[in-house]
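Scroll down for the structure; my scribbles are underneath it.
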Amino acid sequence: MIQVENLTKRYAGFTAINQLNFSVAKGEVVGFLGPNGAGKSTTMKILTSYLPATSGTARIAGFDVFGQSVEARRRLGYLPENTPLYTDMRVGEYLRYRASLKGVPGRKVKQAVGDALELCSLRDRERSMIGALSKGYRQRVGLADALVHDPELLILDEPTIGLDPNQIRQVRELIKNLGGKRTVLISTHILPEVEIMCSRVIVIHKGTIRADDTAENLLKNHRAAGSMRLEAKGAANGRELLSQLSGVKDVTEEKDGDYTAFQLKLDANADPTDEAMRLATANHWQVRELTRRRPTLEDVFVELTHSDS
Ligand SMILES: Nc1ncnc2c1ncn2[C@@H]1O[C@H](COP(=O)(O)OP(=O)(O)O)[C@@H](O)[C@H]1O
Ligand SMILES: [Mg+2]
């Protein structure tokens, strides 16, 4: 559905994306992850024909986004990072206008708009002025706009940015419901979002691709560090002793009444749980919690995208 080859974009000498190669198959829901400034929006603007590439090619359903942009755009719905909605139009009116603009035949516009309103739970806002809507509702109008011509592919640039937790949950739910028959490429820097919604993750950092795999494989193959937490009574010298266990990088402590909570940062793949147990027993600490936290996708993401690496 998407094929990107050696895609490069320079802005006045600054390389925003450099020789990107990736593809997205029909029906996949792919997370496009990267910190701010990584090049996500630039890539998406090229894929949606809003911006020409400096070099390389991108195709949507086999159509070149530059040379055959009309054919390519017909097959995709795009939610840009700043949804440019007309604030002085009513929701229904706006969507009808957008549908005709995108080539939905006149006799089908009503049905198409109705379906998009339904899908985005906007039925009761059809007559509201866009300018009077909350940010969450505006985002839904943006999604309805992306969907109104029933595209095979959806390209969503940070669809939950700036929303409150309830609105985020609703938009996520909505995006999940879109999956199945549609292909989705969704950019975000919110990791739990990706774990919930995406079958595959592409990590981009400083304009180059750092990883392209399932979340599961990323976790398996990256030596991201985990951590351990131990809460005990009577562990006055705990910090010093715990620091000496194998695979422990750093220990911090925090008092909680009679108890002390130790937080251990671990080397990749380290698991000093048994050693910590023995240490506690030997020193007669009264342990009320000992937990090891496995590395999360967030740890892998940090490892792949921290500083200059
Ligand atoms: N029109 C532009 N002119 C110059 N630099 C730009 C322009 N748009 C984006 N950039 C730069 O390109 C890099 C990638 O930006 P962007 O694709 O928006 O990243 P992301 O969406 O991942 O946050 C950033 O360093 C940004 O400052
Ligand atoms: Mg962006």
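The values are calculated or read from the model by the stated rules, or taken from the named source; none is laboratory data. The structure presented is a predicted model; accordingly, all values stated were derived computationally and were not measured. All Cβ positions, glycine included, derive from the backbone under ideal geometry; neighbour counts span all protein chains shown.
May I ask you to verify whether residue 52 is more than 28 Å from the chain's Cα centre (by Cα) and either more than 28 Å from residue 163 (Cα to Cα) or among the aliphatic types (A, V, I, L, M) (or both)?
no
Please tell me if residue 161 is within 16 Å of ligand 1 (Cβ to nearest atom) and assigned by TED's automatic domain parsing to the domain that holds residue 77.
yes
Please verify whether residue 180 is in the same structural domain as residue 41 (by TED's automatic domain parsing), within 15 Å of ligand 1 (Cβ to nearest atom), surrounded by fewer than 17 Cβ atoms within 10 Å (Cβ to Cβ) and outside any helix (DSSP H, G or I), treating the condition exactly as stated.
The answer is no for residue 180.
Only residues that are out of contact with any Lys or Arg (no Cβ under 6 Å at 6 or more places or on another chain) and near ligand 1 (Cβ under 7 Å from one of its atoms): list them for the range 1-34, please.
11, 12, 14 - these are the residues of the range 1-34 that are out of contact with any Lys or Arg (no Cβ under 6 Å at 6 or more places or on another chain) and near ligand 1 (Cβ under 7 Å from one of its atoms).
When the range 1-57 is examined, which residues are found to be more than 16 Å from ligand 2 (Cβ to nearest atom), charged (D, E, K, R) and part of a strand (DSSP E or B)?
5, 10
Surrounded by 20 or more Cβ atoms within 10 Å (Cβ to Cβ) and in contact (Cβ under 8 Å) with a residue 60 or more places away in the chain: is that true of residue 15 in this structure? Don't jump to the end; show me each part of the working.
On the way: surrounded by 20 or more Cβ atoms within 10 Å (Cβ to Cβ): no; in contact (Cβ under 8 Å) with a residue 60 or more places away in the chain: yes.
Taking the combined requirement at face value, the residue does not satisfy it.
Going by the conditions given, is residue 229 part of a strand (DSSP E or B), surrounded by fewer than 14 Cβ atoms within 10 Å (Cβ to Cβ) and in contact (Cβ under 8 Å) with a residue 12 or more places away in the chain? Break it down into steps so the answer makes sense when it comes.
Working: part of a strand (DSSP E or B): yes; surrounded by fewer than 14 Cβ atoms within 10 Å (Cβ to Cβ): yes; in contact (Cβ under 8 Å) with a residue 12 or more places away in the chain: yes.
Yes.
Hey, can you tell me all the residues within the range 38-72 that are small (Gly, Ala, Ser) and within 13 Å of ligand 1 (Cβ to nearest atom)?
Going through the range 38-72, the residues small (Gly, Ala, Ser) turn out to be 38-39, 41, 49, 53, 55-56, 58, 61-62, 67, 69, 72.
Result: 38, 39, 41, 53.
Within the range 63-80, is even one residue farther than 18 Å from residue 184 by Cα and crowded, with 19+ Cβ neighbours inside 10 Å?
No, because not a single residue in the range 63-80 is farther than 18 Å from residue 184 by Cα and crowded, with 19+ Cβ neighbours inside 10 Å.
Could you tell me whether the range 94-114 includes any residue that is modelled with pLDDT of 95 or more, crowded, with 21+ Cβ neighbours inside 10 Å and touching a Ser or Thr at 6+ places or on another chain (Cβ under 7 Å)?
No, the range 94-114 contains no residue that is modelled with pLDDT of 95 or more, crowded, with 21+ Cβ neighbours inside 10 Å and touching a Ser or Thr at 6+ places or on another chain (Cβ under 7 Å).
Taking the range 183-198 as the region of interest, how many residues are surrounded by fewer than 20 Cβ atoms within 10 Å (Cβ to Cβ), β-branched (Val, Ile, Thr) and more than 16 Å from ligand 2 (Cβ to nearest atom)?
Here the count works out to 1.
Working only within the range 113-138, note down all residues that are part of a helix (DSSP H, G or I), under 25 Å from the mean Cα position of the chain (by Cα) and under 26 Å from residue 71 (Cα atoms).
Across the range 113-138, the qualifying residues are 116, 117, 119.
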